[in-house]
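Q: Starting off with a structure, shown below.
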Amino acid sequence: MRILLTNDDGIGAPGLEAMEAALRSSWEVYVVAPAAHCSGSGHALGLYRDIEVTNTGGRYWSVGGTPADCVKLAIRELLGFIPDLAVSGINPGPNLANNVHYSGTVAAASEAAFWGIPAIAVSSGSPSPSHLGCAAEYVAGLIRSGVHASIPPDSVLNLNIPDAPSCMLGPPVWTRTGRFSQDAPFIVLEPGRSYRYGRCHELPLRDETGTDVEALRAGFVSATLLGLDRSLPGFSMPQGG
C-alpha cells in the first residue's frame, strides 16, 4: 500500500517524523508537507503566489504552500499515482469541536478525501506531546486492522489521541464533533493595536455528551467521522405571497 503523509506543522515537525517512522516499516510512504508552519490555515490555497517545491531526497517533498496545496500537488503533479491512503499529522495539540474547521491538519486530509482517497487526520491530546511514537504506532495498528477501508466516501476519520504510553491507549471511542459555547479568547497585547489568540481547547461545550472533547478529556482515543458535504437536505425556500 502506498501512503501519502502530510501535515500542517512543516516537513521537519516531530509529529510527522514519528508518523513516517511508524508507517514506513509496513508500507511505502511518500511525504509531501509544507516548508513552514501552517497551523490554523484551514483549507486555504496559495492562489496568488508561486508555490515552490523542493525534493529533499527520495520520497520527500517540501512545499512552499498550505496543507491543501501539498495534497493537490502530490496527487496532480508529484507522485505520478493516486495513493491508497492519506494520513495527516501528528499535530501537537487536539483538533476538536469548532477547531476542526480551522485545522490545517484536518484540511489536508479533507483535500485527499475530496478525490476519493481514504484519509485520516491525527492529533495528539497535548500541545507539547511526550509520546508521539506511541500515537504513531497506535495509528499504524489501526491501519493494519483495516480501519481505512471502513471510512465512508466523502468523509475523514479524525483521530485525537491522548498523550500517553501505548499501554494506556484503548480502543477508539466513536464520537461526534462538539461545539464550544464560547468563542476563542484574545490576549490583549496592546489595546486597539495588537492581539493574540488564547487557548481554546478547554472552553465549555454546549453539550458534552458523546463528543470528541468528552472522550479525550476522559483519556480515550476520540474517533470522529467528518463529512465533506456541507449541504443540508430537506430545506425548501419559502414561497412569496
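Q: So which residues in region 1-12 are more than 20 Å from Ile82 (Cα to Cα) and in contact (Cβ under 8 Å) with a residue 40 or more places away in the chain?
A: Asp8, Asp9, Ile11
Q: Could we say that Val122 is touching a residue at least 12 places away in the same chain (Cβ under 8 Å), among the β-branched types (Val, Ile, Thr), buried (at least 24 other Cβ atoms within 10 Å of the Cβ) and within 17 Å of Leu142 (Cβ to Cβ) here?
A: yes
Q: Take Pro129 and tell me if it is outside any helix (DSSP H, G or I) and at pLDDT below 95.
A: When the stated conditions are applied, Pro129 does not pass them.
Q: On to the next question. From the list Tyr60, Tyr48, pick out the single residue that is aromatic (Phe, Trp, Tyr) and loosely packed, with under 15 Cβ neighbours inside 10 Å.
A: Residue meeting the stated conditions: Tyr48.
Q: May I pose another question? Going by what's in this entry, would Ser130 be described as of a type in the set (Ser, Thr, Tyr) and over 17 Å from Leu216 (Cα atoms)?
A: No.
Q: Quick one: which residue in Ile187, Ile151, Ile143 is surrounded by fewer than 12 Cβ atoms within 10 Å (Cβ to Cβ), over 14 Å from Asn95 (Cα atoms) and of a type in the set (Val, Ile, Thr)?
A: That would be Ile187, the only listed residue that is surrounded by fewer than 12 Cβ atoms within 10 Å (Cβ to Cβ), over 14 Å from Asn95 (Cα atoms) and of a type in the set (Val, Ile, Thr).
Q: Suppose we filter Leu16, Leu45, Leu85, Leu23 for residues that are under 24 Å from Gly125 (Cβ atoms), hydrophobic (A, V, I, L, M, F, W, C) and touching an Asp or Glu at 6+ places or on another chain (Cβ under 8 Å); which single one remains?
A: Leu16
Q: Looking at region 204-217, which of the residues that are in contact (Cβ under 8 Å) with a residue 24 or more places away in the chain and either aromatic (Phe, Trp, Tyr) or not in a helix (DSSP H, G or I) (or both) is surrounded by the fewest Cβ atoms within 10 Å (Cβ to Cβ)?
A: Pro204
Q: Given the structure, is Val32 in contact (Cβ under 8 Å) with a residue 60 or more places away in the chain, of a type in the set (A, V, I, L, M, F, W, C) and closer than 14 Å to Glu111 by Cβ?
A: In short, no.
Q: Is it true that Phe220 is surrounded by 14 or more Cβ atoms within 10 Å (Cβ to Cβ), modelled with pLDDT under 85 and more than 17 Å from the chain's Cα centre (by Cα)?
A: no
Q: So, one more: Scan region 29-70 for residues that are of a type in the set (Phe, Trp, Tyr) and part of a strand (DSSP E or B) and jot them down.
A: Tyr30, Tyr60, Trp61
Q: Tally time: how many residues in region 1-21 are hydrophobic (A, V, I, L, M, F, W, C) and surrounded by fewer than 16 Cβ atoms within 10 Å (Cβ to Cβ)?
A: 2
Q: Out of (1) part of a helix (DSSP H, G or I); (2) of a type in the set (A, V, I, L, M, F, W, C); (3) touching a residue at least 24 places away in the same chain (Cβ under 8 Å), the odd one out for Leu159 is which?
A: Unmet for Leu159, out of (1) part of a helix (DSSP H, G or I); (2) of a type in the set (A, V, I, L, M, F, W, C); (3) touching a residue at least 24 places away in the same chain (Cβ under 8 Å): (1).
Q: Looking at Asp183, Asp229, Asp207, Asp212, can you tell me which residue is of a type outside the set (A, V, I, L, M), modelled with pLDDT of 80 or more and either farther than 25 Å from Ala113 by Cβ or out of contact with any Leu (no Cβ under 9 Å at 6 or more places or on another chain) (or both)?
A: Just a single option satisfies the conditions, and that option is Asp229.
Q: Since Val139 meets every condition but one in (1) out of contact with any Ser or Thr (no Cβ under 9 Å at 6 or more places or on another chain); (2) of a type outside the set (D, E, K, R); (3) not in a helix (DSSP H, G or I), which condition does it not meet?
A: Here Val139 meets the rest and fails (3).
The values are calculated or read from the model by the stated rules, or taken from the named source; none is laboratory data. Just so we're clear, the structure is a prediction, and the values are computed from it rather than from any experiment. Glycine gets a Cβ as well: all are built from the backbone with ideal geometry, and neighbour counts include every protein chain shown.
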